[in-house]
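Notes to accompany the following structure.
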Amino acid sequence: MKICLAGTGAMGVIHIKALQKIDGVEVVAVNSRTDDSGKRFAAEWRIPFHSTNLEACIDRPGVDAVILTTPSELHAGQTVLALSKGKHVQVEIPMSLNLPDAERIVDAARTSGKICMVTHTRRFSAPHREIRRRIQIGTFHLHHMVVETYFFRRENLNMHGAPRSWVDNLLWHHGCHSVDLAYWIMSEPNFEVWGQKGPDHPALRIPMDLSVAMKSRNGQLFTMAMSFNNKGPFGGFYRYIGEEDTFKVYRDSMTDSDGKEVLLDSVAAFDRQDVEFTSAIREGREPESSAASCLPTMSLLDRIDKVMNTSQVSSLNSRVATLNAHALHRS
């Protein structure tokens with residue numbers, strides 16, 4: 001299987017390391033933002049072709065599939081392009097930064113008849129898979145899923161501290177991981193949703209702090225605090241509060257209420273994810289995190305985003321009304 005990899009940043013490195021462990025898989029082309037970065041990446045990982053032109057990479061002889069690790073705002077257009085050229089696609093989360101583009105991707109995948117998978121990595125992480133398994137077999141009854149997602153991103157840097165050419169999105173990227181987990185684990189596409197966002201950063205022009213809450217039809221709660229202002233360990237911290245126990249999850253490990261490690265399989269989430277993509281292609285089946293299966297998550301994010309924007313407008317109108325009232329009183 002010959003693969004075109006787009007993007008030479010942190011996620012590009014993670015994918016190529018995972019792909020090199022899979023028999024019969026070869027990355028034959030890499031697309032980069034600059035010629036220098038593509039040249040260095042191709043030399044380091046022994047990739048025979050590199051170009052700043054994505055189409056040139058997709059069109060290399062024998063390419064079966066494309067993995068996109070490019071800036072978030074490019075995901076939708078590049079995914080549709082690759083599908084239109086008859087290639088299977090795995091696109092990094094988020095598949096898009098709005099619901100209409102996500103729907104466009106699902107339509108393009110259906111029309112092309114090709115596999116389109118989104119890297120909802122948490123679905124492939126052993127602790128979250130174990131929580132879902134226990135819920136499905138009835139040995140764990142969830143009351144409340146609590147998420148903390150923290151980074152220190154006051155400058156435009158990636159997770160390794162290297163300069164980034166694009167600005168990250170706290171809700172549609174990092175929030176997408178956890179909102180998707182709630183939907184996937186609870187099998188609930190119709191949560192009641194609520195959200196608030198803090199002020200935009202003066203240079204990055206994005207909200208740096210978010211609060212999100214959801215409630216399922218069965219009463220289970222989801223609460224998420226997110227910040228790009230947090231100094232300390234970064235990443236997603238998950239607490240599953242259930243009738244039988246409380247579990248804490250960080251990356252690929254899980255502890256119970258006594259702080260004891262829960263025994264899990266040792267397969268890394270990124271490795272399991274890329275094995276699923278290549279296996280789905282070989283077996284001609286839908287992958288676990290197909291674009292279609294992730295569409296309800298994008299719908300939830302769209303609703304949360306709208307609630308946040310409505311709340312912000314209402315708050316602004318309230319402040320304006322208060323100021324006007326004070327002005328009238330003084331007059």
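The values are calculated or read from the model by the stated rules, or taken from the named source; none is laboratory data. As the structure is a prediction and not an experimental result, all values here were calculated from the model. Virtual Cβ from ideal backbone geometry, glycine too; neighbours counted across all protein chains shown. For the accessible areas, the whole protein counts, side chains as well, though only heavy atoms, and no ligand, DNA or RNA atoms are used. Shrake-Rupley method; radii C 1.70, N 1.55, O 1.52, S 1.80 Å.
The table that follows gives values for the structure above.
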item	result
Hits in segment 173-195 (condition: open to solvent by 10 Å² or more (accessible area, probe 1.4 Å), among the hydrophobic types (A, V, I, L, M, F, W, C) and touching a Ser or Thr at 6+ places or on another chain (Cβ under 7 Å))	186
3 or more residues of a type in the set (A, V, I, L, M): qualifying strands (runs of 3 or more DSSP E) within segment 184-242	209-215, 221-227
Residue in segment 230-241 that is open to solvent by 40 Å² or more (accessible area, probe 1.4 Å), out of contact with any Ser or Thr (no Cβ under 6 Å at 6 or more places or on another chain), more than 30 Å from residue 154 (Cβ to Cβ) and not aliphatic (A, V, I, L, M) present	no
Qualifying residues in segment 161-172 (those that are among the aliphatic types (A, V, I, L, M) and open to solvent by less than 30 Å² (accessible area, probe 1.4 Å)) - the one farthest from residue 307 (Cα to Cα)	170
Test: residue in segment 2-10 that is surrounded by fewer than 20 Cβ atoms within 10 Å (Cβ to Cβ), under 24 Å from the mean Cα position of the chain (by Cα), modelled with pLDDT of 95 or more and not basic (Lys, Arg)	no
Residue count, segment 261-275 (criterion: in a helix (DSSP H, G or I) and either in contact with a helix residue (DSSP H, G or I) (Cβ under 7 Å, 6 or more places away or on another chain) or closer than 14 Å to residue 128 by Cβ (or both))	6
Unique match (being closer than 27 Å to residue 169 by Cα and β-branched (Val, Ile, Thr)) among 91, 28	91
Residues (open to solvent by 50 Å² or more (accessible area, probe 1.4 Å) and either more than 14 Å from residue 20 (Cα to Cα) or among the aromatic types (Phe, Trp, Tyr) (or both)) located in segment 258-283	258, 259, 260, 261, 263, 265, 266, 267, 270, 282, 283
Candidates 210, 221 - the one that is open to solvent by less than 40 Å² (accessible area, probe 1.4 Å) and on the phi < 0 side of the Ramachandran plot	210
Selection status of residue 298, open to solvent by less than 70 Å² (accessible area, probe 1.4 Å), modelled with pLDDT of 95 or more and over 27 Å from residue 271 (Cα atoms)	no
Enumeration of residues in segment 243-257 that are of a type in the set (Gly, Ala, Ser) and either open to solvent by less than 20 Å² (accessible area, probe 1.4 Å) or in a loop (DSSP other than H, G, I, E, B) (or both)	257
